[in-house]
Structures are given as structure tokens and as C-alpha cells.
Amino acid sequence: MRTFDYLAPDSVDTAVERLGADPDAKLLAGGTNLVDLMKLGVCSPETLIDIGALPLDQIELIESGDLEIGANVRNSDLAAHPVVRTLYPVLSQALLAGASGQLRNMATTGGNLFQRTRCPYFMDTAKACNKREPGSGCSAVGGVNRDMAILGASTQCVATHPSDMAVALAVLDPKLEILGPAGRRFVPFDSLYRLPGDHPELDTTLERDDVVVSLAIPALRAARTSTYRKVRDRASFAFALVSVAAVLEVRDGMVSAARIALGGVAHKPWRARAAEQQLIGRAATRPEFAAAVDLELEAAQALSDNQFKIPLVRSLVTQTLVQLAEGQVAQR
């Protein structure tokens with residue numbers, strides 16, 4: 001690991017200022033992703049700006065009814081919070097499905113959102129990777145691509161976003177409070193992440209000297225009936241082959257609200273808007289759920305080793321929606 005300078009600013013404003021002054025500086029909070037990248041030589045910042053001790057650890061319902069979550073809230077604390085477990089079970093379940101207990105105790109809300117979209121070739125500096133070195137090529141396209149994307153990929157990059165938490169947040173539509181050189185602004189979660197296109201080195205739409213202060217999840221009654229399911233190679237710590245975050249509301253046997261996001265299938269959490277629109281006003285039945293998922297998957301493009309993800313998505317999402325619908329019937 002290359003030597004680096006270490007700074008611990010006393011405010012977010014100072015962190016923004018130092019980021020702007022040093023183009024080779026990186027933010028550090030829990031460090032569960034960044035430190036790994038530094039050890040492997042994938043990332044070698046000259047300066048680490050540690051914001052982990054800043055007082056950004058609130059979890060509270062504010063006057064508007066939104067749930068405000070500070071950027072430094074630890075994943076384990078967020079998963080266990082009674083308001084999250086009651087009002088947004090999909091988020092609690094996703095957090096518990098991600099990483100190990102030790103990592104959840106270190107990882108922060110803000111850091112989780114900004115971990116790098118990556119694949120094994122990105123982590124291996126001996127292999128070509130457009131995300132790590134733009135223009136060098138994508139080893140995964142013609143290599144081992146079992147875990148790679150089936151939606152929204154490009155010839156430049158087929159890596160998948162690793163966060164479970166981000167997939168759950170994709171169906172909850174929070175807004176991020178950002179502090180940057182131009183001041184404070186709010187960014188909708190839906191516009192945070194990028195597809196790879198011709199610039200896979202860019203994971204998000206934010207500038208490098210922006211700092212996330214908090215996020216606010218809107219009051220969403222339907223989110224009480226939500227869940228997160230994850231298929232992985234082993235039950236212990238592993239990234240998703242495919243995952244789904246789903247919110248479903250059924251009235252008189254008809255779907256009145258549906259929100260679906262997929263993980264393990266794209267460069268970013270994939271909001272399944274075609275499937276959602278197809279479901280509204282339809283009967284809450286297995287055939288309707290399957291038809292909606294098939295509509296979403298019309299855009300899927302498999303690689304040589306990951307064709308299995310298409311039927312896996314179909315099965316996982318359909319069964320998840322069936323269980324949510326049956327749970328609501330059972331409660332009546």
C-alpha cells in the first residue's frame with residue numbers, strides 16, 4: 001500500500017474544501033471498500049479525509065413524516081432500528097443480507113452507497129479494465145462473466161453494482177442531501193447512479209468534491225408490505241447473483257401499488273419500471289406477476305456464462321410478489 005496523508009476534518013464544510021483542494025484525495029468513513037481497494041493497488045489516494053467521526057449519525061422521523069438518516073449511520077444500527085423494521089422492512093432485510101456482522105458494524109450509509117461497482121477483473125490490476133483504466137478494454141466481456149450484468153450494460157463494462165442496501169433504497173425513492181463547493185442541494189436517488197455507457201469509470205452523477213450529509217426516505221404506506229430477497233452462491237457473505245426489493249399493495253385482489261428493483265443484474269440498482277407499470281390495476285396473481293417480469297426482461301442481454309440469470313430473475317421476482325400478495329390476504 002502506498003503511503004498517504006491522513007486528515008480528520010472537524011466539519012463537512014472543511015471536508016468539501018479539502019477534497020476540492022486535493023484532486024487525489026478520497027473520503028473515508030467505515031473504509032470497508034476503500035481500504036480493500038488500496039491494499040490491492042486498485043486505488044492509491046495521496047490523502048484520506050476521514051469523516052467517520054463527524055456527527056452525521058441521526059435516524060429520526062422529521063416533521064414531514066420522512067425518515068432522515070445521517071450519512072455516518074452504521075449499517076447494523078440502521079437495520080436494527082425499530083422505525084426501519086416497521087415502516088421499511090425491505091431496507092432492514094437488505095442490510096442484514098449484505099456482508100458480515102463485523103462489516104455491518106463498520107460500514108456507513110453514505111459509504112455503502114458509494115462503494116465501487118466492480119467485478120474480479122476490476123480488482124486485478126494485471127487485467128484490462130475500462131473502469132479502472134479507461135480505454136484498456138473489458139476483460140469480462142470475453143472472459144469469465146457468470147456474475148455480470150444482463151441489463152443496461154455496454155461493450156465497455158458489464159460489472160454489477162454490489163450494494164444490497166441501494167437496491168432496497170431504489171424502491172423507496174429517498175432524496176440525498178449533498179454538500180459541495182456550490183453549497184447544499186438535494187439529489188433524487190433515481191438520478192444518483194449511472195449506467196456504464198462509454199464512461200464506466202464513473203459510477204455516480206456526483207462530483208468528486210461532493211459529500212453526502214444525509215438521505216430522507218419519504219413516508220410511504222405501501223412500504224410496510226415490502227421485502228428483500230437475495231440469491232447467492234452461499235448463505236454467508238456473498239454478493240447477489242440476483243436480488244429483488246419489492247413493495248406491493250393489493251386492494252380487492254388488484255394491484256394498487258408496486259415498486260420493484262433488481263440487484264446483481266446491472267451497473268446500478270435496476271428499477272423495474274416496465275414491470276411496475278404493467279402490474280397497476282391488474283389482478284394480483286402469479287400469471288400477471290410473471291407476465292410483468294417477462295416484459296421487464298425483454299431488454300435483457302446475456303453473456304456467454306450468465307444466461308441463467310434471466311430465468312432466475314423471472315422466478316425470484318414472481319415468487320416474491322406472490323408471497324407479498326398472499327401475506328396481505330392472510331392479514332385480512
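The values are calculated or read from the model by the stated rules, or taken from the named source; none is laboratory data. Values in this document were obtained by computation on a predicted structure and should not be read as measured data. With ideal geometry, Cβ positions are generated from the backbone for all residues, glycine too; neighbour counts draw on all protein chains shown. Each accessible area value is taken on the protein alone, full model and side chains, heavy atoms only, with ligands, DNA and RNA left out. Shrake-Rupley method; radii C 1.70, N 1.55, O 1.52, S 1.80 Å.
Given labels modelled 7 Å from the Cα in the Cβ direction, how far is it in nm from residue 86 to residue 190?
About 2.9 nm separates the two model spin labels.
Under 10 Å, Cα contacts only: if you run a Gaussian network model on the chain, which one of 99, 300, 235 comes out with the highest mean-square fluctuation?
So, out of 99, 300, 235, the one fluctuating most is 235.
Where in the stretch 127-154 does the label zone of residue 40 land, with the point 7 angstrom along Cα→C-beta and an amide N cut-off under 16 Å?
Once the point is set 7 Å along Cα→Cβ of residue 40, 127-134, 138-141, 144-149 turn out to lie under 16 Å by backbone N, inside the stretch 127-154.
Can you give the accessible area per residue of the stretch 226-277, in Å², using a 1.4 Å probe?
Working: 1940 Å² over 52 residues.
About 37 Å² of surface per residue is accessible.
Give the residue from 67, 49, 159 lying farthest towards the positive end of the charge dipole for the chain; charges sit on Cβ (+1 for Lys and Arg, -1 for Asp and Glu) and the dipole is referred to the Cα centre.
It is 159.
Stick to the Cα atoms of the chain, pair each with every other, and give me the Kirkwood hydrodynamic radius in Å at one decimal. Walk me through the numbers before you get to the answer.
Numbers: mean 1/r = 0.0489 Å⁻¹.
Evaluated over the chain, this radius sits at 20.5 Å.
Could you tell me the relative contact order of the stretch 39-177? Use alpha-carbon pairs under 8 Å, at least six residues apart, and round to a whole percent.
On the way: 163 pairs, mean separation 29.3, N = 139.
After rounding, I find 21 percent.
State the Cα centre-to-centre distance between the stretch 191-236 and the stretch 79-99 in whole Å.
When both Cα centres are located, 15 Å separates them.
What are the equivalent ellipsoid semi-axes of the stretch 30-184, built from the alpha-carbon gyration tensor (square roots of five times its eigenvalues), in whole angstrom, biggest first?
Working through the eigenvalues yields semi-axes of 30, 19, 15 Å.
Where Rh is the Kirkwood radius over the Cα pairs of the stretch 191-332, the temperature 20 °C and the viscosity 1.002 mPa s, what D in µm²/s does Stokes-Einstein return? Spell out each step's value before the answer.
Details: Rh = 16.6 Å.
Rounded to a whole number, D works out at 129 µm²/s.
How many percent of the accessible area of the chain is carbon or sulfur, using a 1.4 Å probe? Mind showing how you got there, number by number?
Values: 7490 of 14730 Å².
Ligands and nucleic acids excluded, carbon and sulfur reach 51 percent.
With the contact rule set at Cα under 8 Å and sequence spacing of 6 or more, what percent relative contact order holds for the chain?
Working: 730 pairs, mean separation 55.6, N = 332.
Over the chain, the number comes to 17 percent.
Count of lysine pairs in the chain with Cα atoms under 26 Å apart, counting only pairs 8 or more residues apart in sequence or on different chains?
Close lysine pairs under the 26 Å cut-off: 18.
What whole-number value in Å² describes the accessible area per residue of the stretch 12-71 for a 1.4 Å probe?
Numbers: 2820 Å² over 60 residues.
Computed with neighbouring chains in place, this is 47 Å² per residue.
7 Å from Cα along Cα→Cβ at both residue 21 and residue 182: what's the point-to-point distance in nm?
2.3
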